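The values are calculated or read from the model by the stated rules, or taken from the named source; none is laboratory data. Source: prediction; values computed, not measured. Neighbour counts run over all protein chains shown; Cβ positions are idealised from the backbone, glycine included.
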Amino acid sequence: MTDSSPGTSAEQAVKLPAGFEVLTADEDLAAEVYDALNDVEARLLEALSSPDQTADTSARYLAEAGGKRVRPLLTVLTSMLADGISPDVLQAAVVMEMTHLATLYHDDVMDSAPVRRGAPSAHEVWGNSVAILAGDLILARASQMMSELGEEGTRIQARTFERLVMGQLHETVGVAEGADAKEHYLSVIADKTGSLVASAAWLGAHYGGCSAEVTRMLEEYGEAVGVAFQLADDVIDLTADGEASGKTPGTDLREGVPTLPVLLLREKAAAQGEESAAAQQVLGLVDGDLSSDEALAEAAAAVVAHPVMEEAWRTAQGWAAKAKAAIAPLPESTVKTALNSFADAVVERDG
């Protein structure tokens, strides 16, 4: 059980988006998860606070803007397969969210992204240098907190951070000559997104008291969930309600970010026949001047109308199926049911 204060309820601070509820037939499980996430939220904001006003305001900025808290949710859930939620599990969950937040500060600077979670990005508010330093500060505190949990957790945190950096490096450098662009992209998102989700699952299982075998299963599950999550984001970028998501539909197209639908389009365009001509026509819009909202909307609509969108969805769903297959050997339980639902939710969400 959590050590949260009495009276905390599922209706309080944490509000997960539609599709990520872990409500099952077991209402006690749902209440315990939400209580734990409320506890994580309080610990997170405390960990990000600082007596220095600039450090305090900038480090707390994205956390206070909201977020799905997917990684802490997974850490909490996986711990419940064994001994359950403990102070160490809660601390590991906070570290995972802090690591994720730090990468957002850095990513937004590298991508010159103007908006994050419906608000101006940190670098738009304070400039690139402060945004980068805020991300560094968050990572430093996350590392310190993980070190308090012992050598094994510190090793996992360091390995995860290495993969995050390598994924960003490979994305920045781009595809090597002669390499497969789609395979390169899948490798990048496995490092940039899958690694942290895998670690969130591993840490919950480890500090929750699962066996080494079960912990490995859950790490594999988390990696696949992370890849599915990012692949779904590729599609959501083109289809989401901009007002609800806080992001203009087609932003990735405008920024030239290689995503699965566009990579699939380029594959089709390089082929022969009628299918190639149709893909080339859409790519003409995608590769054109997308500085105006009208041009961006036209290009996004053209991609959405093309069959590659359905293929991208199927690919995301395939990774969700891989995640569920990884934990298939686990005995049936309400927690396993919630984990299976979680894998489905990452591709069924709309934001």
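From 122, 113, 55, grab the single residue that is over 22 Å from the mean Cα position of the chain (by Cα) and of a type in the set (A, V, I, L, M, F, W, C). Unique residue meeting the criteria: 55.
Residues of region 288-343 that are in a helix (DSSP H, G or I) and acidic (Asp, Glu): 293, 294, 298, 310, 311. Considering region 20-34, the residues that are surrounded by fewer than 17 Cβ atoms within 10 Å (Cβ to Cβ) and small (Gly, Ala, Ser) include one that is modelled with the lowest pLDDT, namely 25. Among residues of region 226-250 being among the aliphatic types (A, V, I, L, M) and modelled with pLDDT under 85, the one that is surrounded by the most Cβ atoms within 10 Å (Cβ to Cβ) is 240.
Are there any pairs, at least 6 apart or on different chains, whose C-beta atoms fall under 7 Å, with the first in region 317-335 and more than 20 Å from residue 73 (Cβ to Cβ) and the second part of a helix (DSSP H, G or I) and of a type outside the set (Asp, Glu), and if so, which? The qualifying pairs are 317/347; 329/217. A Cβ distance below 6 Å, combined with a sequence gap of six or more or placement on separate chains, defines the contacts here; from region 85-105, residues that are assigned to a helix (DSSP H, G or I) reach residues that are aromatic (Phe, Trp, Tyr) in the pairs 88/207; 89/207; 92/207.
None of 73, 37, 77 is part of a helix (DSSP H, G or I), farther than 21 Å from residue 320 by Cβ, at pLDDT 90 or above and not β-branched (Val, Ile, Thr) except 37. For region 197-218, the set of residues classified as closer than 17 Å to residue 331 by Cα and either buried (at least 24 other Cβ atoms within 10 Å of the Cβ) or not small (Gly, Ala, Ser) (or both) consists of 205, 208, 210, 213, 214, 215, 216, 217, 218, listed by residue number.
State whether one or more residues within region 61-68 are touching a residue at least 40 places away in the same chain (Cβ under 8 Å), crowded, with 24+ Cβ neighbours inside 10 Å and of a type in the set (A, V, I, L, M). Yes; the residues of region 61-68 include at least one that is touching a residue at least 40 places away in the same chain (Cβ under 8 Å), crowded, with 24+ Cβ neighbours inside 10 Å and of a type in the set (A, V, I, L, M). Restricting attention to region 257-284, the residues that are crowded, with 17+ Cβ neighbours inside 10 Å, closer than 23 Å to residue 171 by Cα and not charged (D, E, K, R) add up to 10. The set of residues in region 163-188 being hydrophobic (A, V, I, L, M, F, W, C) and out of contact with any Gly (no Cβ under 7 Å at 6 or more places or on another chain) consists of 164, 165, 166, 169, 173, 175, 176, 179, 181, 186.
Among the residues of region 288-300, the one identified as under 25 Å from residue 232 (Cβ atoms) and surrounded by fewer than 14 Cβ atoms within 10 Å (Cβ to Cβ) is 293. Take the conditions farther than 28 Å from residue 137 by Cα and either of a type in the set (A, V, I, L, M) or modelled with pLDDT under 95 (or both) and apply them to residue 96. Does it pass? Taking the combined requirement at face value, the residue does not satisfy it.
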